[in-house]
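Every number here is computed from the coordinates shown, using simple stated rules; none is lab data. Being a predicted model, the structure only gives us computed values, none of them experimental. So basically every Cβ, Gly included, is an ideal-geometry build from the backbone, and we count neighbours across all protein chains shown.
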Amino acid sequence: MAVGRASSESTGAADTGQSGTSHPGELPRMTKITGIRGMNDISPSQTPAWQMAEHAAREVLATYGYREVRPPIVERTELFRRSVGEGTDIVEKEMYTFTDRGGDSLTLRPECTASCVRAAIEHGWLREGGQRIWHIGPMFRYERPQKGRYRQFHQLDVECLGFPGPDVDAELMLILARLWRRLGLEGLELQINSLGSRPTQARYRELLVEYFQRNRDALDDDSQRRLTTNPLRILDSKNPEMQQIVADAPSILDHLDPAEAAHLDGIRAMLDQAGLAYSLNPRLVRGLDYYTSTVFEWVTNRLGAQNAVCGGGRYDGLVAEVGGGGQSAPAIGFALGMERLVALLEEASIEPPASAPDAYLVAVGDAAAGAAHALAERVRDALPELRLVVDAAPGGMRAKMKRADRSGARMALILGDDEVAARTVSLKPLRSDSQQSAVAWAELPVRLAAEE
Ligand code: ATP
Ligand code: MG
């Protein structure tokens, strides 16, 4: 079990009861409660960039016929053991696993492909034919937090279930290229590889183990360990001292069977025809065991060490594995790291559309305070798109006007008791030199619409 320090901290905080009994890991009463390391609050100033990215993804996916799914964030631990794989970093040391009150072992999902596959099998979606689906949401891995690597992070997950490819393989890559274009992102590089089928992987693994055994002295500790648990992952080593030995290792591409090679050629031909540039990287393996055949990543040199924005591949054996063998189906998918995508937008100074209010209503005096919300509601009825903020903090005219200005609104609407008596409001432009003017309540929607 890999429930980390972080998760016991949070339980302690939440469980602080009236009884005064102490729980393991509980914070003393007078200590400020903070969030959990590696789990971020996305602040109001950051959400516009997230919404822009999510909105673009939703729109692009809809145009390709992909439909949203929303699986739960908790699954049976067994699902990830069986799919992601026992020998992977994720299952070995990164899962947030706990026993629920009924005694079942559950895990906060570290990724979402397994959930999509489980749901598709459970609800018989594949009986209706191939499924193109997607999901955005939080994932959880007990990793060492650093820039671009968190313990709760978000993925856009896209899955094509029931299609043998290679056309859908290329489609997924084209979708991502379109998303980058739509967001105005540059400098992302597509790398592709094929891992072959399970038998090919088994043969290749033997060759690789033989090669690394011969060069055992040059392997770092991590790779020595992986030699028995997950030798393909040695190719993925980030250790600079390992780069030469990895570069000289046998290439999987020399060991694909004819059908596997033809599948990869099919993808390449489609990418070439569509004019999408890529590079072939025979060292590209992925961190999850379920991949077979096609694997790909989009990488960038603009984010430092955490250079992979998106990774994916084919997992033709996973439906049978998750479903207990009752059914099998070819499938492919990818997961895009939303934190890294948002960081790229920031790095490229790609700003979301301004979200300042159009108008800011201040009311001074008892009668005005009483009338303000009713007037605002009438304006909202007439102009459903208008962003109208009603001032809500105490203070005099000066303080209120200061807040109106700080809100970024283009117009202030000023309501005093005199205005209420005359059933008017003073409209004051905040971003131009135009004069303040009195507007009758009945005329206000028309005037505001004209100011748009
Ligand atoms: P990495 O090599 O960076 O650890 P990975 O191979 O573990 O990535 P996947 O499990 O395939 O990544 O997830 C796909 C994408 O999700 C990654 O390309 C990355 O953008 C994002 N991602 C993965 N782990 C994290 C994390 N801990 N924090 C933020 N983003 C992450
Ligand atoms: Mg990882």
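Figures for the structure shown
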read-out: Using a Förster distance of 22 Å, the FRET efficiency for Ile36-Gln306 (Cβ separation, nearest 0.05); value: 0.65
read-out: Part-to-part distance (alpha-carbon centres) for segment 108-143 and segment 221-249, which is given in Å; value: 30
read-out: Note, ³J(HN,Hα) from phi for segment 166-183, Karplus 6.51, -1.76, 1.60, rounded to Hz, x at Gly and Pro; value: x, 5, 5, 4, 5, 4, 4, 5, 5, 4, 5, 4, 5, 4, 4, 4, 4, 7
read-out: Proximal lysines to Lys32, defined as alpha-carbon separation beneath 28 angstrom and excluding residues fewer than eight positions away on the same chain; value: Lys147
read-out: For Ile73, Ile121, order by how many other beta-carbon atoms lie within 10 Å, fewest first; value: Ile73, Ile121
read-out: Residue order, fewest to most beta carbons within 10 Å, for Met30, Met270; value: Met30, Met270
read-out: Calculated FRET value between Leu280 and Leu27, using beta carbons and R₀ = 45 Å, to 0.05; value: 0.30
read-out: Projected label distance in nm at Asp381 and Gln213, using a 7 Å step from Cα toward the beta-carbon; value: 8.3
read-out: Packing-based exposure ordering (other Cβ within 10 Å, fewest first) of Glu159, Glu241; value: Glu241, Glu159
read-out: Euclidean distance of C-alpha centroids, segment 392-417 and segment 317-356, integer Å; value: 43
read-out: Cα-projected label distance for His373 with Arg101, points at 7 Å along beta-carbon direction, nm; value: 3.7
read-out: Cα-based helix-to-principal-axis angle, 258-274 vs the chain, degrees rounded to 10; value: 30
read-out: MRE, 222 nm, helices only [DSSP H, n ≥ 4, -39500 (n - 2.57), over the chain, to nearest 500]; value: -11000 deg cm²/dmol
read-out: Rounded to 10°, Cα long-axis angle of helix 397-406 versus longest principal axis of the chain; value: 30
read-out: Karplus-derived HN-Hα couplings along segment 332-344 (A = 6.51, B = -1.76, C = 1.60, θ = phi - 60°), whole Hz, x at Gly and Pro; value: 8, x, 9, 10, 10, x, 5, 4, 6, 5, 5, 5, 5
read-out: Angle between the chain longest axis and helix 5-15 axis [Cα atoms, degrees, rounded to 10]; value: 40
read-out: At R0 = 22 Å, FRET efficiency that the Cβ-Cβ distance of Asp417 and Arg447 yields, to 0.05; value: 0.55
read-out: Using θ = phi - 60° and Karplus 6.51 cos²θ - 1.76 cosθ + 1.60, couplings along segment 64-69 (whole Hz; Gly, Pro as x); value: 9, x, 8, 10, 6, 10
read-out: In nm, spacing of pseudo-spin labels at Ala269 and Ser43 (7 Å Cα→C-beta vector); value: 5.3
